[in-house]
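Engineer: Submitted below is the structure of interest, expressed as structure tokens.
The values are calculated or read from the model by the stated rules, or taken from the named source; none is laboratory data. Nothing here was measured: the structure is a model prediction, and the numbers come from that model. Backbone-built Cβ (ideal geometry, glycine too); neighbour counts: all protein chains shown. Accessible surface areas use protein heavy atoms only, side chains included; no ligands, DNA or RNA. Shrake-Rupley method; radii C 1.70, N 1.55, O 1.52, S 1.80 Å.
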Amino acid sequence: MLFAANQAPEQPIAFSHKVHARAHQIDCAFCHRYAWRSTVAGMPSVESCKVCHIIIAAQRPEVQKLMAFWNQQKPIPWVKVYDLPDHVYFSHKRHLLADIECRTCHGDVAGMDKVRLAVDLKMGWCLNCHRQREAGTDCWTCHN
Amino acid sequence: MPGTASWYPTVCQQCPAGCGILVKVREGRAKKIEGNPDYPVNMGKTCARGQAGLQLLYNPDRVQGPMKLAGPRGSGGYQPIDWDEALNLVADRLKRLQREGQPDKFIFLTNLLRGHEQTLVTRFMQAFGSPHHFRYDYFDYETLSAANSLSFGYPAVPDYDMANTNYLISFGADFLETWISPVRYGVSFGQLRQGRPGKRGRFVQIEPRLSMTGANADEWVPIRPGREGLLALGMARVILADSPGLRKSEAKAWEEALERYDLQYVSQTTDIPAETISRLAREFIENRPSLAIAGGSAAGDTNGVANLVAINALNLIAGSVGTRGGILFGPTSPTLKQAKASKDSSGFSGLARAAGLLEAGQVDTLFLHRTNPAFSAPGGLKFADKLNKASFIVSYSSFLDESTMLADLILPDHTYLERWGDDLPPAMSSEVAGLIQPAVEPFYNTRPTADLLLALAKRVGGKLSAALPWESFLDYLKGSWQDTYVKEGNRSDDFDSAWSDMLKRGGQWTEPRVQAQTLKAAHDAISSQLAYQEPRFADNEKEYPFYLHLYPTLALSEGRGANQPWMQELPDPMTGVVWGSWVEISPAAADKLDIAEGDLVWVESGRGKIKLPAHIYPAIRPDMIAIPLGQGHTSYGRYAKDRGVNPLAIVADISQEQSGALAWAATRVKVYKAKGKSRLVSLAGTAREIAGIEIVR
């Protein structure tokens, strides 16, 4: 089902969630550290990748690409897949504190080699859940 | 933490006012600047320039690291050099000057530095042995300081309690745009008008060209420029004739001093009806506390000091000196001796002295810091040519401005949002010390100039190194603040937490208290100061029939804001023009010269001519034209370069005798049509250009 122009964009490094989150069982929160504390979930810093990869799989070409970014002290230009427009206010913290699992909106990320948009992020889809859970459907809840 | 902002208090450096600001930082990036609600200078407000500070920090044309000249001087060809090599180059020169017994061939040109950066530079100069530290900023209030020195024995800029006055009369002071501390006076003006229930202060603006400030007045009086002092003397005479009891002890002296300023003479010379003069005089005295302030052409003519002394006299007569609603003096003002020393090294007279040394080939090494005289000095001084005579020029500028284009070495400073410092804002009636702290980590290979001076001192060694022993400027700053803290009776080991508190607040200040200040001043002698002098001009009236009114703008100041695109696209409040220069000409004068809106015209003085589009401006005397400052840069980045015209290029370098200030209003011009029409881009409607519609005449 195609609902976005590019549901699985090419990323600067072929990072695989399947390898990291499923095979090696690294928890979502290990890298996306701020999801429980902030409105934004946060991308892991290059340093947090380097901590392992300075030794682990160092000879692989994709890992070498990663270490090049670290050596140049430059952030990796990841292409954002789950992106809401500027007029929407979305707080990760709020949703996680309501005990919603990551997979509910993000799909089976741990099963993906390349991150792919699992859900069509239309307002109606958000409203459905908000109605079910009585989480507030006033305009200003998300459009402030 | 991403998604959550931190706010860092610091002090804005976009103009000499020094407002306290809060910088919103998210994910390590400065996102927004707001006023610091607690800072006494600006009480939580900012102006447009303050907001645009972000565009200095993230400007694409910033000098990103030390650079060395790689081509002929003025070519703009620079290549990177590393810090060590650069510092050694400079240190070697300084050491040589010391060895040869010629430390005075080293000149340091800065803006009006304050706080510990100023004290550090002073120490550096003293220890090195050079008396040549010159401080030049277009926004210097030398005329006002000189007048206050004569009137009150207070050689500095005072605080004006505008918020509590009933009747404000401003002789050309553009206090809502650029005069002294526009945000402060903007807030005060608001309180004058609406801050007291049931009371709305009255405001009269006396100026030959209606400014944005004047547009907020109850009455605008288009006085003949340079005669503001005469108006004040005429008003004083009317007031004292009606109520001689006001100056009882010196009544005779005042009467004699004001004798010849009768209404007819004053009215004729100022070009203001006699009834208006006597009415203003009556209103001024009947609505006390009243306050008279001055700036603009009142201060800019050759007789500026005399004008301002006369205007000070009005305040004296009304009892508005050192009282609520009047002129308030700060707790520490320079002594008369300091003021004299300052006059030689500061302001326009300081710059002229520097120019003299340069011209005579007596400058081996010159440092440039936060000042751009190649752009902002009057064309008549030919400063760029003289600057070029220095053997070796080091610029600490973050941008390749006109003066920096002549540098042999550029050692770029951090912008103010990335560095440490402090500020002691002048013109405050209470003691205020602001702290400047980095809001973001510096992200280019720049270094704070103050730290470079310390590094240079170490490399030069000897007395210089001994006088500046600190490892970093922050050490010096913090150590000094700690000394003050302890001197005030606090425990030294409490300082760290106090420092942290002060950083959170934005500095340290006492609550302002208005106390009646008795000044052992030249009150009695003031009547002898009241001699009116006609202004003199550089060009003769016959050949150059127009007065030239130059004004710094709200958006670009005198030119420093031109590299900030937000300021370029900010429509001028009176004309609506963006991204360009213009010359304002009255409809009557335009008719006579057959000039239409947008026509290109030549404006010529005895020093040269400039070509720019005409804008028909009804609110200006027909014998005057006005040009805003700010544009006409020949470098300074993509937003500023080759845009508009710099009218300072045709200004004569005539200074006022009593203050040494530039008498910018002494230049006269002639105006005539040039070939061609220009696209004057303005946000204001083009109603006047639609055939036949005359809205204002």
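Engineer: If you check every pair at least six apart or on different chains, which have Cβ atoms under 8 Å apart with a residue in the range A:131-144 that is open to solvent by less than 100 Å² (accessible area, probe 1.4 Å) first and a residue that is part of a loop (DSSP other than H, G, I, E, B) second?
Structural biologist: Once the first residue is open to solvent by less than 100 Å² (accessible area, probe 1.4 Å) and sits in the range A:131-144, its partners that are part of a loop (DSSP other than H, G, I, E, B) give A:Ala135/A:Ala98; A:Thr141/A:Ala135; A:Cys142/A:Val88; A:Cys142/A:Tyr89; A:Cys142/A:Phe90; A:His143/A:His87; A:His143/A:Val88; A:His143/A:Tyr89.
Engineer: Tell me which residues, restricted to the range A:1-50, are of a type in the set (Val, Ile, Thr) and open to solvent by 50 Å² or more (accessible area, probe 1.4 Å). Spell out how you get there, then give the answer.
Structural biologist: Within the range A:1-50, the first condition is being of a type in the set (Val, Ile, Thr), and the residues that meet it are A:13, A:19, A:26, A:39-40, A:46.
Of everything in the range A:1-50, those that are of a type in the set (Val, Ile, Thr) and open to solvent by 50 Å² or more (accessible area, probe 1.4 Å) turn out to be A:Val19, A:Ile26.
Engineer: Something else: Scan the range B:437-447 and give yes if some residue there is open to solvent by 10 Å² or more (accessible area, probe 1.4 Å), free of Cβ contacts under 8 Å to residues at least 60 places away in the same chain and not β-branched (Val, Ile, Thr), otherwise no.
Structural biologist: Looking for residues that are open to solvent by 10 Å² or more (accessible area, probe 1.4 Å), free of Cβ contacts under 8 Å to residues at least 60 places away in the same chain and not β-branched (Val, Ile, Thr), one finds at least one in the range B:437-447, hence yes.
Engineer: A follow-up question, please. Only residues in the range A:79-99 that are free of Cβ contacts under 8 Å to residues at least 60 places away in the same chain and more than 16 Å from A:Leu127 (Cβ to Cβ) count as the first member; pair them with residues that are open to solvent by 70 Å² or more (accessible area, probe 1.4 Å) and in a loop (DSSP other than H, G, I, E, B), Cβ under 9 angstrom, at least 6 apart or cross-chain, and list the lot.
Structural biologist: Once the first residue is free of Cβ contacts under 8 Å to residues at least 60 places away in the same chain and more than 16 Å from A:Leu127 (Cβ to Cβ) and sits in the range A:79-99, its partners that are open to solvent by 70 Å² or more (accessible area, probe 1.4 Å) and in a loop (DSSP other than H, G, I, E, B) give A:Lys80/A:Met43; A:His92/A:Trp36; A:His92/A:Arg37; A:Lys93/A:Trp36; A:Lys93/A:Arg37.
Matching residues to (1) touching a Phe, Trp or Tyr at 6+ places or on another chain (Cβ under 9 Å); (2) open to solvent by less than 10 Å² (accessible area, probe 1.4 Å):
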position: B:Phe537; (1), (2): yes, no
position: B:Glu541; (1), (2): no, no
position: B:Ala562; (1), (2): yes, yes
position: B:Pro565; (1), (2): yes, no
position: B:Ser605; (1), (2): yes, yes
position: B:Lys611; (1), (2): yes, no
position: B:Ile625; (1), (2): yes, yes
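Engineer: Tell me which strands (runs of 3 or more DSSP E) are completely within the range B:75-181 and hold 3 or more residues being over 24 Å from B:Gly356 (Cβ atoms), or say none if there are none.
Structural biologist: It comes to B:78-80, B:167-171.
Engineer: In addition: Please count how many residues of the range B:27-56 are over 24 Å from B:Asp159 (Cβ atoms) and in contact with a Lys or Arg (Cβ under 9 Å, 6 or more places away or on another chain). Working first, answer last.
Structural biologist: Applying the first criterion (over 24 Å from B:Asp159 (Cβ atoms)) to the range B:27-56 yields B:27-33, B:51-56.
In the following step, the residues that additionally are in contact with a Lys or Arg (Cβ under 9 Å, 6 or more places away or on another chain) were identified as B:30-33, B:51, B:54, B:56.
Of the residues in the range B:27-56, 7 are over 24 Å from B:Asp159 (Cβ atoms) and in contact with a Lys or Arg (Cβ under 9 Å, 6 or more places away or on another chain).
Engineer: Pairs under 7 Å by beta carbon, first residue more than 13 Å from every other protein chain (Cβ to nearest Cβ) in the range A:19-42, partner surrounded by 16 or more Cβ atoms within 10 Å (Cβ to Cβ) and among the β-branched types (Val, Ile, Thr), six or more apart or different chains?
Structural biologist: Correct list of pairs: A:Ala21/A:Val109.
Engineer: Could you please find all residues in the range B:5-20 being more than 19 Å from B:Ser557 (Cα to Cα) and in contact with a Phe, Trp or Tyr (Cβ under 9 Å, 6 or more places away or on another chain)? Step through it out loud before you land on a result.
Structural biologist: Narrowing the range B:5-20 to residues more than 19 Å from B:Ser557 (Cα to Cα): B:5-10.
Selection gives B:Pro9, B:Thr10.
Engineer: Does the range B:3-30 hold any residues that are within 14 Å of another protein chain (Cβ to nearest Cβ) and open to solvent by 40 Å² or more (accessible area, probe 1.4 Å), and which are they? If you could, list the steps in order and put the result at the bottom.
Structural biologist: Residues of the range B:3-30 within 14 Å of another protein chain (Cβ to nearest Cβ): B:3-6, B:26-29.
Selection gives B:Thr4, B:Ser6, B:Arg26, B:Glu27, B:Gly28, B:Arg29.
Engineer: Identify, from the list B:Ala306, B:Ala384, the residue that is of a type in the set (Gly, Ala, Ser) and farther than 28 Å from B:Gln118 by Cα.
Structural biologist: Working: B:Ala384 fails: farther than 28 Å from B:Gln118 by Cα.
None of the other options fit; the residue is B:Ala306.
Engineer: Do the conditions hold for B:Thr46, that is, is it away from chain A (no Cβ under 14 Å), among the β-branched types (Val, Ile, Thr) and either open to solvent by 10 Å² or more (accessible area, probe 1.4 Å) or in contact with a Gly (Cβ under 6 Å, 6 or more places away or on another chain) (or both)? Steps first, please.
Structural biologist: Details: away from chain A (no Cβ under 14 Å): yes; among the β-branched types (Val, Ile, Thr): yes; either open to solvent by 10 Å² or more (accessible area, probe 1.4 Å) or in contact with a Gly (Cβ under 6 Å, 6 or more places away or on another chain) (or both): yes.
Yes; evaluated as a whole, the condition is true for this residue.
Engineer: If the requirement is being assigned to a helix (DSSP H, G or I), open to solvent by less than 40 Å² (accessible area, probe 1.4 Å) and within 29 Å of B:Thr302 (Cα to Cα), which of these qualifies: B:Gly190, B:Gly229?
Structural biologist: On the way: B:Gly190 fails: within 29 Å of B:Thr302 (Cα to Cα).
Among B:Gly190, B:Gly229, only B:Gly229 is assigned to a helix (DSSP H, G or I), open to solvent by less than 40 Å² (accessible area, probe 1.4 Å) and within 29 Å of B:Thr302 (Cα to Cα).
Engineer: Would you point out which residue out of A:Ile100, A:Ile76 is closer than 23 Å to B:Glu27 by Cα, hydrophobic (A, V, I, L, M, F, W, C), more than 14 Å from chain B (Cβ to nearest Cβ) and open to solvent by less than 90 Å² (accessible area, probe 1.4 Å)? Before you say what the answer is, go through the steps one by one.
Structural biologist: Working: A:Ile100 fails: closer than 23 Å to B:Glu27 by Cα.
Only one candidate passes the filter, namely A:Ile76.
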